[in-house]
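Inspection log for the structure reproduced underneath, given as structure tokens.
The values are calculated or read from the model by the stated rules, or taken from the named source; none is laboratory data. All figures in this text were calculated on a predicted structure; none of them were measured in a lab. When we count neighbours, we look across all protein chains shown, and the Cβ atoms used for this are built from the backbone with ideal geometry, even at glycine. Note: areas computed on protein heavy atoms with side chains; ligands, DNA, RNA excluded. Shrake-Rupley method; radii C 1.70, N 1.55, O 1.52, S 1.80 Å.
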Amino acid sequence: MTDFKRTYPVLLCCGAVAGFLTGCDTTSYEELETTEARAGAFSVALTSEYRQFAKSEIDQYDWPDQRHIARKGLQAAKGQQPLPEATQGWRLQDDDKAVLAAHRKNLIHWLNTDARQTSPIRSARAQARFDCWMEQQEENWQIDHIKTCKDGFVESLPDISQVQFAFDSAVLNIKALEALRKVALDWQNKPGELLLLQGHTDKTGSERYNYRLSRKRAFAVKNSLIAFGLPQDHIQVEIWGKTRPRLERLNTNTAQTNRRVEILKF
């Protein structure tokens with residue numbers, strides 16, 4: 001995250017310049033090594049992931065990033081649930097920034113719809129691998145490391161897509177039906193373990209009304225997917241109403257965007 005980490009890192013910790021010794025501080029990692037997470041399965045898994053990540057940065061003499069990751073590991077151990085890295089904190093090419101930002105939105109959505117509780121190990125791995133991808137992409141020279149981190153993230157995060165609805169409607173339009181047809185075809189070509197359907201609404205109306213509307217939307221999608229040949233016993237439905245909006249989308253009509261059913265393929 002800072003320039004000096006890529007300039008003669010070994011010399012800095014050999015004591016060549018005493019003023020730089022603080023840059024090689026591994027105090028946070030040493031504390032993380034002996035800290036036992038006790039705040040639930042996600043906390044335990046994320047602490048372990050960050051511990052391994054920080055150690056790999058030490059092995060590469062990347063002192064600033066090992067310290068940053070170790071501190072996130074300590075937060076995780078305390079149950080504070082540090083968020084995945086945001087692109088604003090890293091020097092990235094514009095194309096890389098756009099790709100990482102899009103994946104982060106999906107990761108944040110999954111975490112916010114209880115992935116920490118329902119898939120603690122998998123979601124912790126996804127978060128740590130995403131942070132690893134971000135860190136390696138900024139350096140942008142160890143191609144094999146970038147690929148390893150990215151592939152690990154993609155394998156851990158479910159495939160996420162969505163269909164949208166008109167205002168106050170649970171009717172699937174032609175575009176939505178075509179999207180669901182593609183979801184069904186993808187499942188037939190490459191079956192997964194589970195298809196999770198999450199019903200959502202915009203903020204208009206009461207919580208009770210929106211719960212019912214998002215339920216209608218989710219079951220409209222489920223019935224359509226079954227009609228397209230998906231096995232019913234591999235489909236699960238979650239109802240979120242207006243409680244989990246995607247607020248981070250820019251240059252879009254947020255209300256329209258949130259009239260949706262998210263489709264997560266595991």
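Descriptive notes on the structure:
- Shape of region 69-119 from the C-alpha gyration tensor: oblate (a/c of 1.5 or more and a/b not above b/c, with a ≥ b ≥ c the square roots of its eigenvalues).
- 18 Å Cα-Cα threshold exceeded, pairs from K147/K265; K222/K265; K242/K265; K175/K203; K182/K242: K147/K265; K242/K265; K175/K203; K182/K242
- Computed magnitude of the charge dipole of the chain (debye, nearest 20; Cβ of K, R +1, Cβ of D, E -1): 1440
- Taking 0.36 nm per residue of separation and subtracting the Cα-Cα distance, full extension of the segment from D159 to T204 would add 13.4 nm.
- Here the ratio of the Cα radius of gyration of the chain to 2.2 N^0.38 Å is 1.17.
- Surface accessible to a 1.4 Å probe, per residue, for the residues of the chain, Å²: 52
- The chain: DSSP helices with Cα axial extent of at least 18 Å and average Kyte-Doolittle hydropathy no lower than 0.5: none
- Expressed as a fraction of 2.2 N^0.38 Å, the C-alpha radius of gyration for region 124-266 is 1.19.
- Restricting region 161-200 to chymotrypsin sites (Phe, Trp or Tyr not before Pro) that sit in a DSSP loop and have at most 16 other Cβ atoms within 10 Å of their own Cβ leaves F167.
- Relative packing of peptides 225-231, 145-151, 197-203, 157-163 - highest average C-beta neighbours within 10 Å first: 197-203, 157-163, 145-151, 225-231
- Carbon plus sulfur fraction of accessible area for region 48-207, probe 1.4 Å, in percent: 51
- For the options P120, P191, P245, a Gaussian network treatment of the chain with springs between C-alpha atoms closer than 10 Å singles out P191 as fluctuating the most.
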